[in-house]
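Asks: Can you read through this structure? Questions will come right after.
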Amino acid sequence: MGYVAGRNSTFDAMCRLLGVVNIAAAKGIDYFKQVDYETLLQWNPDMIIVPAESAFDRQLYESQILASAKAIQQRNIRKIPSVYLLSASQYLVASTNYLAGLIYE
């Protein structure tokens, strides 16, 4: 299990600025919510963004439940430093730029 950032989150604002769909927001999640692997599999995102300081990418790749998920099969989990995920200051532009580099590389 892990947390997703939905509508009304800084992460969703950055996604909207970049023209990408935040699946958690699209599914009606507000702010932050914990979701299980089965829900993530149903959503089947193209890419998953995780905090760089965590080992969450390894946990997702090793999950048998998620083995058929698109992002897992394509090894498309991207890591971003938490400071960029939590930014709500003048550094929001830098955070959005960093996220753009991950998404559009």
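Matching residues to (1) surrounded by 13 or more Cβ atoms within 10 Å (Cβ to Cβ); (2) under 22 Å from ALA88 (Cβ atoms); (3) modelled with pLDDT under 95:
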{"position": "VAL20", "(1), (2), (3)": "yes, yes, no"}
{"position": "ALA25", "(1), (2), (3)": "yes, yes, no"}
{"position": "GLY28", "(1), (2), (3)": "no, no, no"}
{"position": "LYS33", "(1), (2), (3)": "yes, yes, no"}
{"position": "GLU38", "(1), (2), (3)": "no, no, no"}
{"position": "ASN44", "(1), (2), (3)": "yes, no, no"}
{"position": "MET47", "(1), (2), (3)": "yes, no, no"}
{"position": "GLU53", "(1), (2), (3)": "no, yes, yes"}
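Asks: May I pose another question? Name, by its number, the condition in (1) out of contact with any helix residue (DSSP H, G or I) (no Cβ under 6 Å at 6 or more places or on another chain); (2) closer than 17 Å to ALA100 by Cα; (3) among the charged types (D, E, K, R); (4) touching a residue at least 12 places away in the same chain (Cβ under 8 Å) that does not hold for ASP12.
Replies: (1)
Asks: From ILE49, ILE65, which residue is closer than 24 Å to TYR104 by Cβ, in contact (Cβ under 8 Å) with a residue 12 or more places away in the chain and of a type outside the set (Asp, Glu)?
Replies: That would be ILE49, the only listed residue that is closer than 24 Å to TYR104 by Cβ, in contact (Cβ under 8 Å) with a residue 12 or more places away in the chain and of a type outside the set (Asp, Glu).
Asks: In addition: Kindly indicate the residue of the stretch 77-90 that is more than 15 Å from SER9 (Cα to Cα) and not aliphatic (A, V, I, L, M) and also surrounded by the fewest Cβ atoms within 10 Å (Cβ to Cβ) among those meeting that condition.
Replies: Step by step, filter the stretch 77-90, then rank; the result is GLN90.
Asks: Which residues, taken from the stretch 56-72, are assigned to a helix (DSSP H, G or I) and either among the aromatic types (Phe, Trp, Tyr) or surrounded by 14 or more Cβ atoms within 10 Å (Cβ to Cβ) (or both)?
Replies: Selection gives PHE56, ASP57, GLN59, LEU60, TYR61, LYS70, ALA71, ILE72.
The values are calculated or read from the model by the stated rules, or taken from the named source; none is laboratory data. Here the structure is a predicted model, which is why all the values come from computation and not from measurement. Cβ coordinates were reconstructed from backbone atoms using ideal geometry, including for glycine residues, and neighbour counts include every protein chain displayed.
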